[in-house]
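Heads up: the structure comes next, in structure tokens.
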Amino acid sequence: MKKILIIFCCLLSASTYTFAQHTSITIHADQGFRIIPKEIYGQFSEHLGSCIYGGLWVGENSDIPNIKGYRTDVFNALKELHIPVLRWPGGCFADEYHWMDGIGPKNKRPKMLNDNWGGTLEDNSFGTNEFLNLCEMLGCEPYVSGNVGSGTVEELAKWIEYMTSDGDSPMANLRRANGREKPWKVKYIGIGNESWGCGGNMRPEYYSDLYRRYSKFCWDYSGNKLFKIASGASDYDYHWTDVLMNNVGERMNGLSLHYYTIRDWNHKGRAANFSDNDYYATLGKCRDIETVIKKHCEVMDKYDKEKHISLMLDEWGTWWDEEPGTIAGHLFQQNTMRDAMVASLTFDIFHKYTDRLKMANIAQIANVLQAMVLTKGKSMILTPTYYVFKMYRVHQDATFLPLDVTCDSIKADNYTIPLISATASKDSKGVIHISLSNIDLRNTKEVTINLPEIHAKKITGEILTSENISDHNTFEKPDVVKPRTFNDAKLNKEVLKVKIPSKSIVTLTLQN
């Protein structure tokens, strides 16, 4: 008996439950007026590890099936996600990338060392034309990060002319000589990346002046209207945001923000080998992104009450130690149900702040950090995070429906984490979508969802879950974690009863 008590006390000290009387959600359909921008579901593709080479791109002559050099399996998987926007070429890589090295005949493009990420030698076979053509094929907006850290104003100005000008000008004619007659539409342009760190170790006052200078020469050509994004802060650096809002103001259309779910930068932990407390504490850190967004928004509100300047959270996600046996500096990590939970909880928070938050880009799209797909030779697997993006795509450009949640919570690492997370929206056809997450590792939750003003007759659902929270897909077993039909939701007039298993993510569709 003493041994049992000791074990029980240890478990309580690691993660402690607090209890509410019941688990219920009330959806306020009459208060829904704000659209969830589809760009909240953006992706990020950096020249890092095998994200580009081997992930997105294998080249036309590869024995791996491809469409004009793009991996067929990866392309088709990404097409299914309805990707709204794709950021490239970095990240840290952006501020050492010189775009003219990546155009023209591939056999004449100079090689370069990727000094930020493992010193990899790259052949520049994937450049501006390849990226923008991919965006056209996927039907998404390109988001190009310009080089401010080691590049010049002239270099960035000519890049924009190359991409977007339809005139009889030197850069437009160079594009034509490289096989592209018409200019591309490029909406988003980033003026540097992480200028406080890998983008130049700058002070916010200095970067503010550089932004004003560089952005001045980012011209709008041939009907293309640029949305200019300043290099913003890392997580809790509210001073950076304050300085840029004061010194740059409405010269920028958007201000970026980066937030990674990392509890300890020196000891990030293993992606697929972790304790229960590690799991809960990770979700606590994940949910702290709400505090960060609110405080940056408060700073922005001081200078921009009308919210003309958008907050762009263009890097987010989990970051674990690299998998043993992989190349150092390539940031390859596994992707488990825990990562899926981070994605679902994060989206639930994002939806609440879209009066200011207009874009988010998970890091990264393939083979790096919290990726959608992992590839190995001719094989590809879809990750649990991929499936969350697919289940949540119904919320893109839908009307956000505010809701209240009453539920139990658990404490870990000084975080108090509700055991149920939820979000809801109504699409353009009047269909209601509700996404729920039960983060509890042990217990099924019976949730009562009150639906005043919602008159639905038909309900369908999909669930993502697995036996263990550390479960993940491998090249040998690619379907360990995969969505399936969910039938444990019962509708009675304006009340919905849902029995959601432990460690599960569910999306429900309500129709008349």
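Tabulated data
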item	result
Relative contact order of the stretch 24-176, pairs being alpha-carbon contacts under 8 Å that are 6 or more residues apart, as %	21 percent
Order by protection proxy (mean Cβ within 10 Å, highest first), peptides 89-98, 486-495	89-98, 486-495
Per-residue HN-Hα couplings for the stretch 335-352 [Karplus 6.51, -1.76, 1.60; θ = phi - 60°; Hz; x = Gly/Pro]	9, 10, 4, 4, 5, 4, 4, 4, 4, 5, 5, 5, 4, 4, 6, 3, 4, 7
For the chain: Kirkwood Rh in Å [reciprocal of mean 1/r, alpha carbons]	23.8 Å
At most 14 other Cβ within 10 Å, DSSP loop - GluC sites (Glu not before Pro), the stretch 158-229	Glu181
Sequence-separation-based contact order of the stretch 38-396, relative, with Cα cut under 8 Å and 6+ spacing, percent	20 percent
23 Å Cα-Cα threshold exceeded, pairs from Lys429/Lys503; Lys185/Lys228; Lys108/Lys158; Lys182/Lys390	Lys429/Lys503; Lys182/Lys390
The stretch 348-503, relative contact order in percent, only Cα pairs under 8 angstrom and at least six apart counted	20 percent
Protection-proxy order for peptides 125-132, 226-233, 318-325, 41-48, each taking the mean of Cβ atoms within 10 Å per residue, highest first	41-48, 226-233, 125-132, 318-325
Backbone HN-Hα couplings from phi across the stretch 250-256 [Karplus 6.51/-1.76/1.60, Hz, Gly and Pro as x]	7, 5, 10, 8, x, 10, 7
Listed residue pairs exceeding 30 Å between alpha carbons, taken from Lys352/Lys411; Lys68/Lys352; Lys445/Lys482; Lys411/Lys493; Lys426/Lys497	Lys68/Lys352; Lys411/Lys493
For the stretch 294-303, 3J(HN,Hα) per residue [Karplus equation, 6.51 cos²θ - 1.76 cosθ + 1.60, θ = phi - 60°, Hz, x = Gly/Pro]	4, 6, 5, 5, 4, 5, 5, 5, 4, 9
Under 5 Å, built H, 5+ apart or other chain: amide partners of Arg34	Phe400
Interchain or long-range residues, amide H under 5 Å from Phe44's placed H	Arg87, Ile362, Ile365
Of the trypsin sites (Lys or Arg not before Pro) in the stretch 253-357, those whose Cβ has at most 12 other Cβ within 10 Å and which sit in DSSP loop	Lys305
The chain - mean residue ellipticity at 222 nm from DSSP helices (-39,500 (n - 2.57) per run, n ≥ 4, rounded to 500)	-7500 deg cm²/dmol
Under-5 Å amide H pairs with Trp319, H placed in peptide plane, nonlocal only	Thr261
Antiparallel DSSP beta bridges within the chain, percent to nearest 5	60 percent
Charged-residue dipole, Cβ positions (Lys, Arg, Asp, Glu), the chain about Cα centre, Debye nearest 20	1060 debye
Size-normalised alpha-carbon gyration radius of the stretch 327-436, reference 2.2 N^0.38 Å	1.23
The stretch 461-511 - Rg over Rh from alpha carbon coordinates, Kirkwood radius	1.09
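Computed from the coordinates by the stated procedures, all read-outs in this text should not be read as laboratory data. For clarity, every value in this text was computed on a predicted model and none was experimentally measured. All Cβ positions, glycine included, derive from the backbone under ideal geometry; neighbour counts span all protein chains shown.
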